[in-house]
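Encoded as structure tokens, the structure appears first; notes follow it.
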Amino acid sequence: MVKVLRLLLVASLMLSGIAVAAQEDVTITVRCAANIAGGEGWRCDNFAAVEEQVEQELGINITLNLIQDNKAWADYKTEFVLAAEAGEAPDIVLSGHEDIGAWAAAGLIMPLDELIAQHEEFADVVPNLWASQTYDGVIYGIPQDAEARPIFYSKLLLADLGWSDEEIESLPERVRTGEFTFEDMLATAEEAVAEGVVEPGKGYFHRWGNGFDWLPYYLGNGGEIMTEDGQLVFDQDAALAAYELIGSFVKRGVTPETMIGTESSAIYAEFAPADNVMFYQGGTWQWADWARNYVADLGGNDYLLENVGLMLFPAMNDGVPLSLTHPLSYMISSGSEHPDVAIALLAAVTTPDANNRHAIDSFHLGILTTQVESEAYAADPVLSGAHYMLDYTRFAPNTPFYSAWSNAYWAGIQAAHTGTPAEEAVELAVTQLQNELGDQIVIR
Amino acid sequence: MNTSARTRPASARPNLTAYAFLAPVAILVMLFFIIPALLVIYISMTDLATANFTSDVAQMTFIGLKNYETLFKDPFAHKIFFNTVFYVLVTLSLFNVGGALVVSLLTAHINRRAGFFFRALWLLPRLMTSTVYILMWERMVADPPFGILNQLFDVAGYDSVAFNTNHVWTFVILVNGIIGISFGMIIFTSAIESISKDIMNASLVDGSTSMQRIRYVILPLMRWPLLFVLSYQTLSLLTSYEEILLFTNGGPGVYQTEVWALTAFHRALSNYFGNAQWGYGSAFAVVLVIVGIILAVLYLRIFRFRELVSEPKIENL
């Protein structure tokens with residue numbers, strides 16, 4: 001009897017060993033760009049957190065190869081293109097949604113509609129974010145995060161200017177309703193300089209270099225980048241208004257002449273303590289960086305909550321306030337041998353728990369409908385307070401030609417900022433667009 | 001008849017030996033210069049970009065000279081061109097050739113050990129990796145409150161200065177020039193050291209001052225190293241962009257410190273918004289190669305290269 005039991009035990013052990021050995025081994029490489037010191041490490045680390053769960057779901061053994069650093073975006077993107085061509089692309093790559101246009105056209109990334117349909121988690125994604133993941137009517141990306149690019153204001157300095165607590169606290173709402181316009185904001189900045197509340201040139205700080213943040217000036221003046229049927233356009237009237245506005249900052253004495261080219265760290269050091277600069281055009285994720293690295297000694301997050309506020313981009317000529325978001329997307333490489341495993345991992349990180357880790361640590365807005373209602377997200381006054389901005393947010397189109405469009409628009413901005421008349425700046429941008437894009441763009 | 005039969009193998013043998021010695025280099029040049037250059041010329045005539053990227057030459061779309069047409073119509077091409085001319089001329093004259101010559105002459109006229117020490121100091125920037133070297137400069141000239149120079153200004157009671165934006169060319173040239181001095185310095189110093197002592201002593205006996213000795217003895221004997229350093233460093237500066245990329249990335253302002261080689265890099269390999277234009281960027285690179293070849297030929301003519309490499313006259317006596 002004992003012998004029989006022993007035999008049974010050995011046999012069952014062998015069978016279970018065979019079952020374990022029969023589990024498929026799958027290696028998945030994930031490539032992410034993240035400012036880890038700024039709390040963005042969950043972009044890749046979330047996969048490690050859900051690895052076991054997905055292994056159990058699929059009954060396979062996953063070896064995760066997570067590659068994450070803070071490489072410059074331009075180099076990061078070239079790296080993926082070259083790796084894809086060499087057949088060594090990661091299975092999952094995280095990048096800006098604007099890459100979908102070029103990468104999908106080149107066949108470097110996989111269409112995801114069918115894979116998405118297999119996982120109910122994706123139904124929770126904030127609906128208007130899917131438009132940023134689509135190229136030619138097909139979804140190629142899963143939103144990883146979103147943000148608002150608001151205008152921050154110093155409550156301390158507004159109080160110094162004589163604003164009551166009620167006026168300060170109601171500012172975001174007055175901006176949302178269109179009562180307080182961009183012109184009002186510049187006038188307030190001018191007044192702060194005139195009254196000596198801030199030094200000359202410290203009324204309004206904007207972005208220091210090229211980037212998406214310049215789009216609100218064009219969009220807020222009625223500009224359109226791409227029509228609904230996919231035609232790239234450059235609206236000269238909107239560009240003229242944008243360049244006139246941008247050119248006026250220095251002339252009105254609210255922005256320093258050297259703003260373009262100033263290091264971001266120097267800007268943060270000036271704005272974050274809230275006692276030097278009145279308004280600053282930035283992004284929600286910068287809040288996390290400021291709390292940890294710029295005002296930690298003053299009280300960090302609590303200090304910022306007390307002294308800094310954030311509001312939509314106040315209305316310009318078209319009368320509607322706006323914000324900008326630049327969702328990052330997880331994409332699956334066309335060369336991936338295990339797209340089914342990759343999408344299962346992506347589904348597992350597209351949950352309120354997983355995304356809250358990233359959103360709360362890095363001050364990015366949530367991407368899921370239920371995330372907003374989750375206790376952790378709702379408890380964060382900045383994130384839950386800024387979430388309404390997603391309703392006003394716009395984003396750049398997914399087209400291979402956006403880089404040419406944006407570079408020409410940026411050339412005009414630099415010209416206008418350094419004193420070139422706005423009409424000449426428009427002409428400069430138009431010449432470059434026509435030279436590089438020819439029939440691909442309509443100038444109107 | 002017999003004579004010619006005897007002399008033919010004798011003349012062929014040294015040629016074969018020479019060719020055999022040259023073969024490895026010829027193969028390397030073919031593999032790593034001629035073939036890539038031909039490929040770049042071909043790519044410059046295609047519309048290759050991220051959106052249609054392929055490494056299969058046969059699949060690239062040939063568009064003839066369209067990229068060159070776009071390049072010459074580019075509203076910023078002339079600015080980038082003159083930036084490059086300015087950058088090369090100033091860096092070359094103040095540092096890579098001019099500065100190197102001054103350092104070599106000075107260190108050759110002081111105590112030998114002291115001369116060695118000062119030359120070693122000038123070599124330090126060259127020994128450092130570019131990233132670390134540029135990081136040091138960035139910290140030096142950073143905006144307040146981070147910049148070391150601005151912190152010193154603050155202590156001294158002066159207003160802070162926006163070095164990064166208002167004096168950017170000065171620092172771009174300094175950053176590149178200080179690295180660039182070492183190459184010419186080594187070549188020039190060895191050239192000065194190799195001048196025959198008899199000639200130097202003769203000039204002293206004739207009562208020449210140091211300046212006269214430099215003007216009438218040393219410099220005329222340095223024509224060959226001067227030609228070499230001048231042409232090598234011109235081509236080197238024309239194609240260099242690494243430090244500018246790290247330091248200013250072509251900005252601030254509208255292409256303020258953008259040079260031609262950096263544009264080729266930006267267009268072909270690095271685009272903030274993706275969709276790099278490999279074909280268009282290659283057109284910029286090809287223009288640079290053509291300019292480099294023209295300049296090299298000009299230098300060889302101006303410095304009468306044939307005379308420099310001809311047999312010494314004494315052999316013909």
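The sole residue among A:Val250, A:Val277 that is in contact with a helix residue (DSSP H, G or I) (Cβ under 8 Å, 6 or more places away or on another chain), crowded, with 21+ Cβ neighbours inside 10 Å and in contact (Cβ under 8 Å) with a residue 24 or more places away in the chain is A:Val277.
The rows are residues; the columns are (1) modelled with pLDDT of 90 or more; (2) open to solvent by 10 Å² or more (accessible area, probe 1.4 Å); (3) more than 14 Å from chain B (Cβ to nearest Cβ).
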{"residue": "A:Leu346", "(1), (2), (3)": "yes, no, yes"}
{"residue": "A:Asp353", "(1), (2), (3)": "yes, yes, yes"}
{"residue": "A:Arg357", "(1), (2), (3)": "yes, yes, yes"}
{"residue": "A:Ala376", "(1), (2), (3)": "no, yes, yes"}
{"residue": "A:Ser384", "(1), (2), (3)": "no, yes, yes"}
{"residue": "A:Ser406", "(1), (2), (3)": "yes, no, no"}
{"residue": "A:Ala411", "(1), (2), (3)": "yes, no, no"}
{"residue": "A:Thr420", "(1), (2), (3)": "yes, yes, no"}
{"residue": "A:Arg444", "(1), (2), (3)": "yes, yes, yes"}
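Tell me, please, whether a residue that is free of Cβ contacts under 8 Å to residues at least 60 places away in the same chain and over 22 Å from A:Ile225 (Cβ atoms) can be found in the range A:130-145. Checked against the condition, which is being free of Cβ contacts under 8 Å to residues at least 60 places away in the same chain and over 22 Å from A:Ile225 (Cβ atoms), the range A:130-145 yields no hits at all. Select from the range A:226-245 the residues that are open to solvent by less than 10 Å² (accessible area, probe 1.4 Å) and within 23 Å of the chain's Cα centre (by Cα) and write down the one among them that is modelled with the highest pLDDT. Residue satisfying both the conditions and the ranking: A:Ala242. List every residue pair whose Cβ atoms lie under 7 Å apart, where the two residues are 6 or more positions apart in sequence or sit on different chains, the first residue falls within the range A:214-242 and is farther than 21 Å from A:Phe313 by Cβ, and the second residue, located anywhere, is open to solvent by 10 Å² or more (accessible area, probe 1.4 Å) and among the aromatic types (Phe, Trp, Tyr). Close Cβ pairs satisfying both conditions: A:Leu232/A:Phe401.
In the range A:375-444, counting only helices (runs of 4 or more DSSP H) that sit wholly within it, the ones holding 1 or more residues that are within 21 Å of A:Gly220 (Cβ to Cβ) span A:381-386, A:402-417, A:422-437.
Evaluation of A:Pro200 against the conditions (1) assigned to a loop (DSSP other than H, G, I, E, B); (2) out of contact with any helix residue (DSSP H, G or I) (no Cβ under 7 Å at 6 or more places or on another chain) shows that the sole unmet condition is (2). Residues of the range B:243-278 that are of a type in the set (Val, Ile, Thr) and within 7 Å of chain A (Cβ to nearest Cβ): B:Val254 alone. Within the range A:286-310, residues that are in contact (Cβ under 8 Å) with a residue 40 or more places away in the chain sit with their Cβ atoms under 6 Å from residues that are open to solvent by 60 Å² or more (accessible area, probe 1.4 Å), at 6+ positions apart or across chains, in these pairs: A:Asn307/A:Leu156. Here B:Leu230 does not qualify as in a helix (DSSP H, G or I), surrounded by 17 or more Cβ atoms within 10 Å (Cβ to Cβ), over 14 Å from the mean Cα position of the chain (by Cα) and modelled with pLDDT of 90 or more.
Within the range A:201-213, restricting attention to residues that are among the hydrophobic types (A, V, I, L, M, F, W, C) and either buried (at least 22 other Cβ atoms within 10 Å of the Cβ) or touching a Leu at 6+ places or on another chain (Cβ under 9 Å) (or both), the residue that is farthest from the other protein chains (Cβ to nearest Cβ) is A:Phe205. When we screen B:Ser208, B:Ser190 for residues that are outside any helix (DSSP H, G or I) and either loosely packed, with under 14 Cβ neighbours inside 10 Å or away from chain A (no Cβ under 14 Å) (or both), the only hit is B:Ser208. For the range B:127-186, the tally of residues that are open to solvent by less than 70 Å² (accessible area, probe 1.4 Å), of a type in the set (D, E, K, R) and away from every other protein chain (no Cβ under 13 Å) stands at 0. Within the range A:50-65, being open to solvent by less than 60 Å² (accessible area, probe 1.4 Å) and under 29 Å from the mean Cα position of the chain (by Cα) holds for A:Val50, A:Glu51, A:Val54, A:Leu64. Of the residues screened, A:Val125 is not one that is touching a residue at least 12 places away in the same chain (Cβ under 8 Å), within 14 Å of chain B (Cβ to nearest Cβ) and surrounded by 15 or more Cβ atoms within 10 Å (Cβ to Cβ).
The values are calculated or read from the model by the stated rules, or taken from the named source; none is laboratory data. Quantities reported herein were computed from a predicted structural model and do not represent experimental measurements. Cβ atoms come from the backbone with ideal geometry, glycine included; neighbour counts cover every protein chain shown. Side chains are part of the model used for accessible areas, which takes the heavy atoms of the whole protein and leaves out ligands, DNA and RNA. Shrake-Rupley method; radii C 1.70, N 1.55, O 1.52, S 1.80 Å.
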